[in-house]
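Novice: Sharing a structure with you now.
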Amino acid sequence: MQAELQALQAEALEALSGARTSEELAAWRTRFLGRRGALTQLMRRVGQVPPEERPVVGRLANEIKQALEAAYRERAEAIRRAELEETLRRDAVDVTLPGLPHPVGRLHPSTQTLREIERIFAELGFQVYRARDVELDEFNFQLLNIPPGHPARDMQDTFYVATDSNGREEGEQVLLRTHTSPGQIHAMREFAAMNPADPPPVRIILPGMCYRHEQITPRSEIQFHQVEGLAVGRHITMADLKGTVEYFVRRMFGAERRLRFRASHFPFTEPSAEVDMDCLLCRGAGCRICKQTGWLEIMGCGMVHPTVLRNGGYDPERYTGFAFGMGPERITMLKYGIEDIRSFWQNDLRFLEQFG
Ligand code: PHE
């Protein structure tokens, strides 16, 4: 019996030194010290030992039990510490690592320019009026004095919405607007409807996406924004147009900007003009950006054609008005020296992240 106890002690200590994890340690404890463990079972047999040997055997058994429990506690502490070390090592935070960049959203450069334009015109009392992207030929062309077959249509190659164009005459077709000017008609009709006998004055800008069936090149895209402006009222003159445009350009590009109004032609304005400002880069001396002319073309404009006023519900005998249209992408390109208009809708973050 004593030999069995000592053998068990040796076996238990040997096994204990092999326990590396807290799971292995728990298994060891069950195996030797548990209720059905080897030592417990051996100790149950002490009662069967002859009475004279029992005190010696009993003491030995108890000593071994205490020795194993002490060894267990010591091993448990060692394993706990080792496991803690391991966790600390594995989950260590390297405070010298650079932080993870936190991506911050920003507005598209075109949106930023549009908002700046809207802010400046708001100072002059112009409200934002949103018109539809999908138009009828009637509004995009005919009511603006561009009948079917008119040569001005050649300058605005058009996307027709195929499902709706079946069997329709040219003038009835559904299309994507090629400019924001059809919004003039919608706006005037809405304003005029408030009081048809004496329509209220109009002072609005119409920002929006336009579409043209063009070849995509660094200089032309199939989609682009325009901002249309429209003022209708009594006694509005070309001087009001010039003053408004001048205010806008100087707020947008700098108080020192010089302007030039060049005679031009649009079917929906009369007279018509194109507006140039002195080149931002060379200030008029001539450079690569302004193609050596010293001037940058920034918008088309004119006095609203009497036919267009009438189509909008405003009697041209009593009302006059001016309109202008500009391309914010072009303005953004001038402002930041962007050379390729395709950058705007390619969604390349390396481009977009530079703004904001
Ligand atoms: N709609 C014209 C264009 O797209 C611009 C314009 C608007 C010209 C209003 C005059 C008046 O080119």
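Novice: Quick check on my filter: what residues within the stretch 58-72 are in contact with a Lys or Arg (Cβ under 9 Å, 6 or more places away or on another chain) and either modelled with pLDDT under 85 or open to solvent by 70 Å² or more (accessible area, probe 1.4 Å) (or both)?
Specialist: none
Novice: Looking only at residues in the stretch 221-252 that are among the hydrophobic types (A, V, I, L, M, F, W, C) and within 18 Å of Pro207 (Cβ to Cβ), which one is nearest to the ligand (Cβ to nearest atom)?
Specialist: For the stretch 221-252, the residue satisfying everything is Leu230.
Novice: Another one. Let me spell it out: the conditions are (1) of a type in the set (Lys, Arg); (2) in a loop (DSSP other than H, G, I, E, B); (3) open to solvent by 40 Å² or more (accessible area, probe 1.4 Å), and Arg257 meets all of them except one. Which number is the exception?
Specialist: (3)
Novice: Here is a list: Ile204, Ile120. Which entry is at pLDDT 95 or above and either within 14 Å of Gly325 (Cβ to Cβ) or part of a loop (DSSP other than H, G, I, E, B) (or both)?
Specialist: Answer to the selection: Ile204.
Novice: Across the stretch 265-301, which residue is farthest from the ligand (Cβ to nearest atom) among those that are open to solvent by 40 Å² or more (accessible area, probe 1.4 Å) and outside any loop (DSSP other than H, G, I, E, B)?
Specialist: Trp295
Each row is one residue, and each column tells you yes or no for (1) in contact (Cβ under 8 Å) with a residue 40 or more places away in the chain; (2) assigned by TED's automatic domain parsing to the domain that holds Gln9; (3) surrounded by 13 or more Cβ atoms within 10 Å (Cβ to Cβ).
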| residue | (1), (2), (3) |
| --- | --- |
| Glu74 | no, yes, no |
| Arg80 | yes, yes, no |
| Glu85 | no, yes, no |
| Ile117 | yes, no, yes |
| Ala122 | no, no, no |
| Leu175 | yes, no, yes |
| Gly183 | yes, no, yes |
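Novice: Follow-up. Can you pull out every residue in the stretch 222-253 that is of a type in the set (Gly, Ala, Ser) and crowded, with 22+ Cβ neighbours inside 10 Å?
Specialist: Those that are of a type in the set (Gly, Ala, Ser) and crowded, with 22+ Cβ neighbours inside 10 Å: Gly229, Ala231.
The values are calculated or read from the model by the stated rules, or taken from the named source; none is laboratory data. All figures in this text were calculated on a predicted structure; none of them were measured in a lab. Glycine gets a Cβ as well: all are built from the backbone with ideal geometry, and neighbour counts include every protein chain shown. Accessible surface areas use protein heavy atoms only, side chains included; no ligands, DNA or RNA. Shrake-Rupley method; radii C 1.70, N 1.55, O 1.52, S 1.80 Å.
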